[in-house]
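Asker: Dumping the structure here so I can ask a few things about it.
The values are calculated or read from the model by the stated rules, or taken from the named source; none is laboratory data. As the structure is a prediction and not an experimental result, all values here were calculated from the model. When we count neighbours, we look across all protein chains shown, and the Cβ atoms used for this are built from the backbone with ideal geometry, even at glycine. For accessibility, only protein heavy atoms count, side chains too; no ligands or nucleic acids. Shrake-Rupley method; radii C 1.70, N 1.55, O 1.52, S 1.80 Å.
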Amino acid sequence: MDSQKEALQRIISTLANKNDEIQNFIDTLNQTLRGVQENSSNILSELDEEFDSLYSILDDVKESMINSIKQEQARKSHELQNQLSQCNNALENSEELLEFATRSLDIKEPEDFSKAARQIKDRVTMASAFRLSLKPKVSDSMTHLMVDFSQERQMLQTLKFLPVPKAPEIDPVECLVADNSVTVAWRMPEEDNKIDHFILEYRKTNFDGLPRVKDERCWEIIDNIKGTEYILSALNFSLDNSSSHLNLKVEDTLVEWDPTGGKGQESKIKGKENKGSVHVTSLKKHTRSGTPSPKRTSVGSRPPAVRGSRDRFTGESYTVLGDTAIESGQHYWEVKAQKDCKSYSVGVAYKTLGKFDQLGKTNTSWCIHVNNWLQNTFAAKHNNKVKALDVTVPEKIGVFCDFDGGQLSFYDANSKQLLYSFKTKFTQPVLPGFMVWCGGLSLSTGMQVPSAVRTLQKSENGMTGSASSLNNVTQ
């Protein structure tokens, strides 16, 4: 009996595993089917755009040619009209002179006849009819403006779909996962001189849940990669306890106001190596004629985190910095304040921020500040200048830092509404910075930049808020 139960249990387990495999495969097929439909729609849309662009070019060429024909018609018409007018005037004068000469033949008096003859001679000598060129100045031919599209027509008829190169292959030996970054390397199965650049698609897989829920995680796209490797990194940082004011209690990604002066607080600096894992699903190639294939370029290793290398904040600067410096790239993190927090600031600062300095009151720090004490205010601060924000303070604030693009933006983390953007040029690495008084903040780090934020950043070339705009606002 027991052996039969055990055997049945094994069968049940085997069937359950097989069912899970089949279900996962069904989910994969459904996802592939959706991908086929979505990608087909995208290709059709791109095809329409290409042909619309071609039609637009042809329309422009046609319009230009029509203008040329009309200009030539107007020029020739003007020349012929002028010549016609001159001929009509000459003919009218000549007919009048002919009539006068005919009447002169009937004059009987020799003296009068002689006088009339001299007049006729003088008028004939000066007559415009004898100075006219009786040949049209321009011809009626317009054949020099005719076009022949036979070659273009033949070329259009030979249009074909772009030949797709073979897919690149991931090179596992050259791939590296270390220090919150993933170096992805690949190679081409064979040389192809038409490859212009690569597109890398990836998504994070360190997610607890059912496989089909994992499959719904958003994909990130890196475009225009010229080399054959790329470093993916997420800013996964903690709070640097060694920099924090003694009235702040710091634990990893949580900071709270501590009026007792932080007594009994233990330094908890935790390593974060290999926290993030990334699954690369595909590499795409973009090609163009005559462009040599990209060669592999060496990529330097990520600089180590900055820890415990500055003075602790003191005085009224209730501040703590992140323990990881931002030296390049685009990064995103979120901050949530406790409901009873009376005052806090969120932003970035250079490592050189003085221990008595407050966020936003120097030219080395940028932040937005929330004050719920006595009066409610919400403002952006930089270099001791303040810009009041006429928006509701969100429950959670998203921070987007584009170091290379010199941009620091703040969002409502839930709705992704833009709250404010600083446009500047970072001359040193920056550290996430936080100020807290009578309350607490919790952080979410190691996050991908939300697609809504990426889209908005691309369209926000003209910024409404900037560091320069704050120079005209006094506190």
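Asker: Taking only the range 391-416 into account, find how many residues are part of a loop (DSSP other than H, G, I, E, B) and over 18 Å from the mean Cα position of the chain (by Cα).
Answerer: The qualifying residues number 8.
Asker: Restricting to the range 362-385, name every residue that is closer than 17 Å to Lys423 by Cβ and not small (Gly, Ala, Ser).
Answerer: Once the filter is applied, which keeps residues that are closer than 17 Å to Lys423 by Cβ and not small (Gly, Ala, Ser), the range 362-385 yields Asn363, Thr364, Trp366, Cys367, Ile368, Lys381, His382, Asn383, Lys385.
Asker: In addition: Looking only at the range 89-125, how many residues end up being closer than 24 Å to Glu79 by Cα and of a type in the set (A, V, I, L, M, F, W, C)?
Answerer: 2
Asker: If you don't mind, there's one more thing I want to ask. If you scan the range 349-361, which residues turn out to be farther than 15 Å from Leu419 by Cβ and open to solvent by less than 20 Å² (accessible area, probe 1.4 Å)?
Answerer: Ala349, Tyr350, Leu353, Leu359
Asker: Show the residue pairs meeting these rules: Cβ distance below 6 Å; 6+ apart or different chains; first residue within the range 406-421 and open to solvent by 10 Å² or more (accessible area, probe 1.4 Å); second residue assigned to a loop (DSSP other than H, G, I, E, B) and not hydrophobic (A, V, I, L, M, F, W, C).
Answerer: Listed pairs, sorted by first residue: Asp412/Pro394; Tyr420/Gly465.
Asker: Any residue in the range 107-131 that's under 14 Å from Asn89 (Cβ atoms) and part of a helix (DSSP H, G or I): show its pairings with residues that are modelled with pLDDT under 85 and of a type in the set (Ser, Thr, Tyr) at Cβ separation under 8 Å, as long as the two are six or more apart or on different chains.
Answerer: Taking only residues 6 or more apart or on different chains, not a single pair turns up.
Asker: If you scan the range 425-472, which residues turn out to be modelled with pLDDT of 80 or more and either among the aromatic types (Phe, Trp, Tyr) or part of a loop (DSSP other than H, G, I, E, B) (or both)?
Answerer: Lys425, Phe426, Thr427, Gln428, Pro429, Phe434, Trp437, Cys438, Gly439, Val449, Pro450
Asker: Being in a helix (DSSP H, G or I) and modelled with pLDDT under 90, is that true of even one residue in the range 64-80?
Answerer: Within the range 64-80, not a single residue is in a helix (DSSP H, G or I) and modelled with pLDDT under 90.
Asker: Another question about this same structure. Out of all the residues in the range 425-442, which are closer than 21 Å to Tyr350 by Cβ, open to solvent by less than 40 Å² (accessible area, probe 1.4 Å) and either in contact with a Leu (Cβ under 8 Å, 6 or more places away or on another chain) or not β-branched (Val, Ile, Thr) (or both)?
Answerer: Phe426, Leu431, Pro432, Gly433, Phe434, Met435, Val436, Leu441
Asker: Next up: Scan the range 243-263 and report the pairs whose first residue is in a loop (DSSP other than H, G, I, E, B) and whose second residue is exposed (fewer than 15 other Cβ atoms within 10 Å of the Cβ), with Cβ atoms within less than 8 Å and a gap of 6+ or a chain change.
Answerer: As it stands, the answer is His245/Thr314; Leu246/Gly261; Leu246/Thr314; Asn247/Pro259; Asn247/Gly261; Asp252/Lys268; Asp252/Lys270; Thr253/Ser444, since those pairs meet every condition given.
Asker: Checking Met142 against (1) over 30 Å from Leu58 (Cα atoms); (2) in contact with an Asp or Glu (Cβ under 9 Å, 6 or more places away or on another chain), only one condition comes out false. Which one?
Answerer: For Met142, the failing item is (1).
Asker: Please enumerate the residues belonging to the range 153-192 that are β-branched (Val, Ile, Thr), open to solvent by less than 100 Å² (accessible area, probe 1.4 Å) and closer than 30 Å to Glu50 by Cα.
Answerer: If the condition is that a residue be β-branched (Val, Ile, Thr), open to solvent by less than 100 Å² (accessible area, probe 1.4 Å) and closer than 30 Å to Glu50 by Cα, then Thr158 is the only one that fits.
Asker: In addition: Scan the range 370-398 for residues that are farther than 21 Å from Lys342 by Cβ and open to solvent by less than 60 Å² (accessible area, probe 1.4 Å) and report the count.
Answerer: Looking only at that region, the number is 4.
Condition check ((1) at pLDDT below 95; (2) of a type outside the set (Ser, Thr, Tyr); (3) touching a helix residue (DSSP H, G or I) at 6+ places or on another chain (Cβ under 9 Å); (4) open to solvent by 20 Å² or more (accessible area, probe 1.4 Å)) across all residues:
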| site | (1), (2), (3), (4) |
| --- | --- |
| Pro303 | yes, yes, no, yes |
| Ser309 | yes, no, yes, yes |
| Gly315 | yes, yes, no, yes |
| Ser328 | yes, no, no, yes |
| Ile368 | no, yes, no, no |
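Asker: Which condition number does Asp48 fail, the rest of (1) open to solvent by less than 70 Å² (accessible area, probe 1.4 Å); (2) under 52 Å from the mean Cα position of the chain (by Cα) being met?
Answerer: Among (1) open to solvent by less than 70 Å² (accessible area, probe 1.4 Å); (2) under 52 Å from the mean Cα position of the chain (by Cα), the lone unmet condition for Asp48 is (1).
Asker: Please count how many residues of the range 223-242 are farther than 27 Å from Asp323 by Cα and in a strand (DSSP E or B).
Answerer: Of the residues in the range 223-242, 4 are farther than 27 Å from Asp323 by Cα and in a strand (DSSP E or B).
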